[in-house]
Each structure stands twice: as C-alpha cells, then as structure tokens.
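Undergrad: Sharing a structure below in structure tokens format, with a few things to ask.
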Amino acid sequence: MKTWNNKAWFMVVPVVILVAFSAVIPLMTVVNYSVQDTFGNNQFFWAGLEWFNEIVNSERFHDALGRQFLFTFLILIIEIPLGVYIALHMPTKGWGRPVALVLMSLPLLIPWNVVGTIWQIFGRSDIGLLGYTLQLLGIEYNYTQNTFDAWATIIVMDVWHWTSLVALLAYAGLQSIPQAYYQAARIDGASRWAVFRYIQLPKMRSVLLIAFLLRFMDSFMIYTEPFVVTGGGPGNSTTLLSIDLVKMAIGQFDLGPAAAFSLVYFLIILLLSWVFYTVMTNIDKQER
Amino acid sequence: MAEIHLKQLAHSYLPHPTGSQDYALKRVEHVWEDGKAYALLGPSGCGKTTLLNIISGLLHPSEGQVYFDDRDVTSLPTEQRDIAQVFQFPVVYDTMSVYDNLAFPLRNHGHDEAVVRERVLRIAEMLDLSAVLKKKARGLTADAKQTISLGRGLVRENVAAILFDEPLTVIDPHLKHTLRMQLKRLHQQFYHTMIYVTHDQTEALSFADQVVVMYDGDVVQMGSPQELFERPAHTFVGYFIGSPGMNVLDARVEGNRAYVDGLSVPLAYSYDAIAGTKVEIGVRPEFARLMSREDAGGSGLPVTVKRIEDVGRFKIARAEFLGRELNVVIPEGIPVSDRADRILFDAQHVNVYADGWIVKGRAA
C-alpha cells in the first residue's frame, strides 16, 4: 500500500531556491530587459522581439561574430596540435618531469588581466622586450595601430596562456597508456607515426574532446586579455563578442539591445558546444 | 627461425648493482634450440619476464650477449629482431578492425596484401575469429581481445621465435584449453621456437617439450617433464613441480646411507663427503609408502598420520615427523591401515641435496 502525499516537494525546495538565485533569476532578469525598452526613470515599455531582431540583423553584431569565429578557429587550430605535440615530448620520468609540469602550469596560474598587462608591456616598442627587439631587427610592429599586429599579439598571447592546459590534459591521457601497448607496437614493428596514430591518439581522444570543448567555450567568451592589450582596436578590428557586448551595455547603456545580445551570445555557445559534443561522441559510438 | 643463445647474460634494474641480490637475472648461460617448444616456469618475480624482454630486445641486458644463430643481436632494437611476443594482458589497436589488427604486423613488415589476406584469414580460422573480422577490436570481450593479441603473435611466419608471457591468464578455462591445443598444433605444423612463460605447471607440462624452471633470477633446471619430476636439480624445483611438492628433510649422508635424526635411510647411490653446509634428502610423495610398524619390520621413519585427503585418483596422507610435514601419495585401491605409523622411501628415488642443489652419487 503506497501513501501518496506531497512531502517530497519540501525536500527539493533548498535546491530550487539555490538554482533560482544562482541561475534562473539572473537569467530571467536579462530576459526581462531584452523584451522591454526604457528611457530611465524606471519606466519600461514592452518591446517584444524588437531588440532580437535588431541584434540578429545588425552589421555590428555580424562583424563581431565573424571576428569571434576567426579568433576561436585560429587558437583551436594552433593550441590543440601544439598542446599534443608538447605533451608527446614532455619528460615522463626523472627530475625533468616535475620541472616540466610546474613550468607548464605557470601560465595557467596567472590572473587574466595580468596576462593582458604582461603582453601589453611586452609588445611596446619603447620599453617592451618583444616590441623593442622587433624594432631593432627592423620589423615594423605596432599592435595599437596595425590590425595584423594586433591580431598576432592576441593570438600569440592566448596560445602562450592556454596551450599548457591542452598539453597537461593530453599528457594525462598519455600517462594512462600501459607500457605493454608500446612494447606490443615495437614487437609488431610499428613506426613512430603508427604508434601515434593507432595507440596514442585513440587513447587521448576523450581528454582531447574535453580540451577542445574547454578551449572552444573559453575562447568564445574571452574578454579580459584582448581588452587589456588592444581595447578592441585599432578601430573595431579586435572587438570580439564580449568586448562589443560590454561596450553596448556599459558604454552606451543600451540595456535592451545588450540583453538581447547576451541571450543570442549564450544560445550560440550552448548550441555549438552541444553540436561539437554530439558529433564527437557519435563518431565514438559508430566505431564500436 | 633460429637457435637462441644467451651468453653469460645478467640483468639488474639498478644502475650500479653491488651484489647478486641486486640482479633480477643472474648470470644465465642457456641455449634455446631451434624449433622446440619451451615452457619457462617459476614463481612471480623470479625473472621470467625480464628474460623474455631481453630476448625480444625490449630490455637491454646489463651484461652478456644474445645470439640468434651466429648473429649477435644484443644491441639490435626489437623491430629488427624478427621476433613475436604476446603479453599477459590484451593489447589491441582500438580503432582498427580485428582484420587490421591481425594484419598490422604483416603490413609493417612490408608484405603485400595478397599474402596478408591469406595469412590473416588462416590465423583467424584457427583462433575462431573469422566471424568478427570486420568488427572494431575495442568492442570485444577481454577473451577475444587476448585471442587477437595471440593472433598478432602467430600471424608472422618467419620469426626467430615466438615468446608468450603468460598469455592465457585472462582467458576462461575452457577457451584456455582450446587455445593451448591450437598453439601446440601450430607448433607441430611450423616448428617455430616457442618460449612460453607461465606459473601454472599444468600449462607448462602440457605445452612444452622442455621445461625450464627459474628461481630467484637463476635458471635452476631444464629438462623434460619426466626429468623435472624424478630428479629435481634443486629443492625448489622439487617443491614447485608436482602436487604435493617433494618432501625435504635435513640429513647427514655417509656412503650409501642417510641419517635423519639418527635414523637410517637407505640410498641407491654412494656419496663421498659432501661439501656444503646444509645437506638434505628429497623424496617425492609418490615414492614414499606408509605402513604399520610390523610391516615395516623396524625400518622407516616414525610418523603420526594427521589426516588422509582423497583427491580422486589417489589419496594424500599428511603425516608429521619431528614437527615437519611429510606427504605420501597412496595410489587408488591400496588400503590404508589405521595403525600405519612408518614411512619408507623408495631408495632409487631419494635425491641428495647440498645447499639446495642436487649431488650426484656413485653407483654403490
């Protein structure tokens, strides 16, 4: 005989409250702004999907989105292979192992705006080591005025900052491969490439999926470092999505469009992460 | 195919070994004849795997050389040795199909696809893998994966030797038997030199022409199963081979008599004064008899029978002599008297050991 009552609801109340305050209420506030217009005085007017319409069709948003895709694409295509390459060449035993691990972890421990500041100074041609050296070598380099230089700087900075994460994850994946696999490969006469292709890469696959997703999401949301270095310039050439969003929300105080922007931005990240994850795990399943 | 000669081989995992206790493998001088099937038997940690890895080149020995026929291969890398090795735990290439897994060593050695196909299909047939050839290897059971590992070892034809490092550990008992028979058949067909590491003596004795017993980094004996059984070269071999193991008693030996706690035990051979601090006699339970005082007629060692175990084809009497356990195997159909309190040994099969090693006697 089962008794039916509603006591169970009390049990979930704490979680509901927690989630409400941490996620639902802030998100709904943004949703609230995104469908209204205000002229100050705490007066709000219903605007419907107008802001969404405006954002989705605005050239400014398209440009920022395009730059964002380019940025994320470039750092993924550099950081993933480079991280794997480094992991393959990191020492696995002896004193070199802890040294390498500490060195690889260092960039990850530096606060983001400090990373930005480091590179901002590093690249200056009057006092920065990099900028000054390039100047001496006769190479024109100025990240505040030249678009290409600005892009090169933020890309190299991100690679410097985050390749370690990929390398450490890949390294952990490599460490989990039993020695017997390498021995069997030698017995089978496998080449160095075959060992990588048929043993190391398959065993690293799940950690690389995580590395890929983390780097995708983080780079798509990046704000601090490029903002500190270039402030989005020269012109708007390094204005990535979140830099643009902050300009809109805080610089211009366009709350409605900024809220709509935020939601579209959020949905894009969510959608792409879901697509990547589904595609990659499906490839996994098909091969079984 | 080749004869494998280990010349004064020794290995230590330490960079600067100071004494014999630092060696995983102590000075081994040994010849593995071409085309024979060997079982390498010994307890865990006795150096079996070390020895195997040195032969295949996965490990470089600290001292000594390895010869394949007349060729010194000591410093040759594994890839250039033409040797196959199967490991204890399954190694499969996850992303490849079963077919590609089996073909992998052949392709790496540059065989053309027609040859590859023919050999892979034949090995798959033998190992009962034909049905899963197109499947990805990673989805299979541990049994099947280990069978694939085995197949990769067997698929190459012109190898110097095939080394097996406890290959059937993870396989279920029924399949184990089948695979062992297949290996034996394969050996009779191609006469590859096979070295089969195991610590299961049934497996060793049923597979091999010659059994090599290792103990604590030393090769203590090589011989046919029969020799190992009747004349163990070391007391360890006596314990390790046979169930129950050999009875070993401290003794004093003079001429053709041994004295155990002052009681005389007749020997078939005569011995000169034996050098060595610790002299023992060893007798297999199969060559001991249990009888009553009257039947023994005053000879034999006085014992207390603790219990009789019936293990099917024979019974084992567990007796106690001066605080030591002595075992006697009683064949089927022989009655055991309740008053049995003497153990007699078959003089022909009493071996004498000095410091663990067998001593040869002169005909008396």
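The values are calculated or read from the model by the stated rules, or taken from the named source; none is laboratory data. Everything quoted here is computed from the prediction, not taken from an experiment. Using ideal geometry, Cβ is built from the backbone for each residue, glycine included, and neighbour counts are taken over all protein chains shown. Heads up: the accessible areas ignore ligands, DNA and RNA and are worked out on the full protein's heavy atoms, side chains in. Shrake-Rupley method; radii C 1.70, N 1.55, O 1.52, S 1.80 Å.
Undergrad: Per residue and in Å³, how big is the convex hull formed by the alpha-carbon atoms of region B:2-144?
TA: 149 Å³
Undergrad: Let me make sure I get this right: for region A:227-288, a, b and c are the square roots of the gyration tensor eigenvalues over alpha carbons, sorted descending. Under 1.5 in a/c it's rounded, otherwise prolate if a/b > b/c, else oblate. Which is it? Can you show the working numbers first?
TA: On the way: a/c = 5.55, a/b = 2.15, b/c = 2.58.
Here region A:227-288 falls in the oblate category.
Undergrad: Taking the Kirkwood radius as the inverse of the mean 1/r across Cα pairs, report the Rg/Rh of region B:298-340. The partial results should precede the final answer.
TA: Working: Rg = 10.7 Å, Rh = 11.0 Å.
On the Cα set of region B:298-340, Rg over Rh gives 0.97.
Undergrad: Give a residue-ordered list of calculated ³J(HN,Hα) values for region B:196-204 (Karplus: 6.51 cos²θ - 1.76 cosθ + 1.60, θ = phi - 60°; whole Hz; x for Gly, Pro).
TA: Karplus-based 3J(HN,Hα) across region B:196-204 equals 10, 8, 7, 10, 9, 5, 4, 4, 5 Hz.
Undergrad: Mind listing the long-range amide H neighbours of B:ASN247? Cut-off is under 5 Å, sequence gap 5 or more, other chains count too, H placed in the peptide plane at 1.01 Å from N.
TA: B:VAL283, B:ARG284
Undergrad: Over region A:58-287, give the accessible area per residue in Å² for a 1.4 Å probe, as an integer.
TA: Result: 50 Å² of accessible area for each residue.
Undergrad: Which one of A:HIS161, A:SER176, A:GLY116 is farthest out on the positive end of the charge dipole of chain A, using unit charges on Cβ (Lys, Arg +1; Asp, Glu -1) and the Cα centre as origin?
TA: A:SER176
Undergrad: Using the Kirkwood formula on the Cα atoms of chain B, what hydrodynamic radius do you get, in angstrom to one decimal?
TA: Working: mean 1/r = 0.0434 Å⁻¹.
For chain B, inverting the mean 1/r across all distinct Cα pairs yields 23.0 Å.
Undergrad: Here is a follow-up. Please list 3J(HN,Hα) in residue order for region A:22-30, calculated via the Karplus relation 6.51 cos²θ - 1.76 cosθ + 1.60 where θ = phi - 60°; whole Hz, with x for glycine and proline.
TA: Using θ = phi - 60°, the values come out as 7, 10, 5, 5, x, 5, 5, 4, 4 Hz.
Undergrad: Taking the alpha-carbon centroid of each part, what is the distance from region B:206-225 to region A:78-133 in angstrom?
TA: Cα centroid to Cα centroid, the span is 56 Å.
Undergrad: Explain nothing, just the number: relative contact order of chain A, from Cα pairs under 8 Å at least 6 residues apart, as a whole percent. The partial results should precede the final answer.
TA: Details: 281 pairs, mean separation 78.4, N = 288.
Dividing the mean separation by the residue count of chain A yields 27 percent.
Undergrad: Let me ask something additional. For region B:217-336, just the Cα set please: Rg and Dmax, both in angstrom.
TA: Final numbers for Rg and Dmax: 15.2, 47 Å.
Undergrad: I'd like to know which of B:CYS46, B:HIS349, B:VAL91 lies farthest towards the positive end of the charge dipole of chain B, counting +1 on Cβ of Lys and Arg and -1 on Cβ of Asp and Glu.
TA: Of the candidates, B:VAL91 comes out farthest on the positive side.
Undergrad: Could I ask something else about it? Could you run the Karplus curve 6.51 cos²θ - 1.76 cosθ + 1.60 with θ = phi - 60° over region B:230-235 and give me ³J(HN,Hα) per residue in whole Hz, x for Gly and Pro?
TA: Calculated HN-Hα couplings, in order: 7, 10, x, 6, 9, 4 Hz.
Undergrad: Just name one of A:MET204, A:THR147, A:VAL246: the one whose Cα is farthest towards the positive end of the charge dipole of region A:58-287 (beta-carbon charges, Lys/Arg +1, Asp/Glu -1).
TA: A:MET204
Undergrad: Give me the angle, in degrees from 0 to 90, between the Cα long axis of helix B:173-190 and the longest principal axis of the Cα atoms of chain B, rounded to the nearest 10.
TA: That works out to roughly 70 degrees.
Undergrad: Could you pull out every residue, at least 5 positions away or on a different chain, whose amide H is within less than 5 Å of the one on B:LEU40? Hs are placed 1.01 Å off N in the peptide plane, and Pro or chain starts have none.
TA: Those qualifying (amide H under 5 Å, at least 5 residues apart or on another chain) are B:TYR196, B:VAL197, B:THR198, B:VAL212.
Undergrad: Can you list, largest first and rounded to whole Å, the semi-axes you get for region B:274-364 by taking the square root of 5 times each eigenvalue of its Cα gyration tensor? Intermediate results must be reported in sequence, preceding the final value.
TA: Numbers: eigenvalues 133, 40, 36 Å².
Here the semi-axes work out to 26, 14, 13 Å.
Undergrad: For region A:58-287, what is the charge dipole size about the Cα centre, in debye to the nearest 20, if Lys and Arg each add +1 at the Cβ and Asp and Glu each add -1 at the Cβ? Don't skip to the answer; put the middle values down first.
TA: Details: 13 positive and 14 negative charges, 183 e Å.
Once rounded to the nearest 20, the dipole reads 880 debye.
Undergrad: A:ALA190's amide H: which non-local residues (gap 5+, or another chain) put their own amide H closer than 5 Å, with H modeled 1.01 Å from N in plane and none for Pro or chain starts?
TA: Long-range HN contacts for A:ALA190: none found.
Undergrad: Can you compute the charge dipole magnitude of the protein assembly as shown about its Cα centre, using +1 on each Lys and Arg Cβ and -1 on each Asp and Glu Cβ, nothing else charged? Give it in debye, rounded to the nearest 20. If you can, show how the numbers build up before the last one.
TA: Details: 55 positive and 64 negative charges, 189 e Å.
Approximately 900 debye in magnitude.
Undergrad: Sticking with this structure for a sec: Size of the protein assembly as shown along its principal axes in angstrom, Cα-based, largest extent first?
TA: Reported extents, whole Å, longest axis first: 123, 81, 52.
Undergrad: When Rg is the radius of gyration of the Cα atoms in region A:58-287 and Rh is its Kirkwood radius, what does Rg/Rh come to?
TA: Numbers: Rg = 20.6 Å, Rh = 19.8 Å.
Rounded to two decimals, Rg/Rh equals 1.04.
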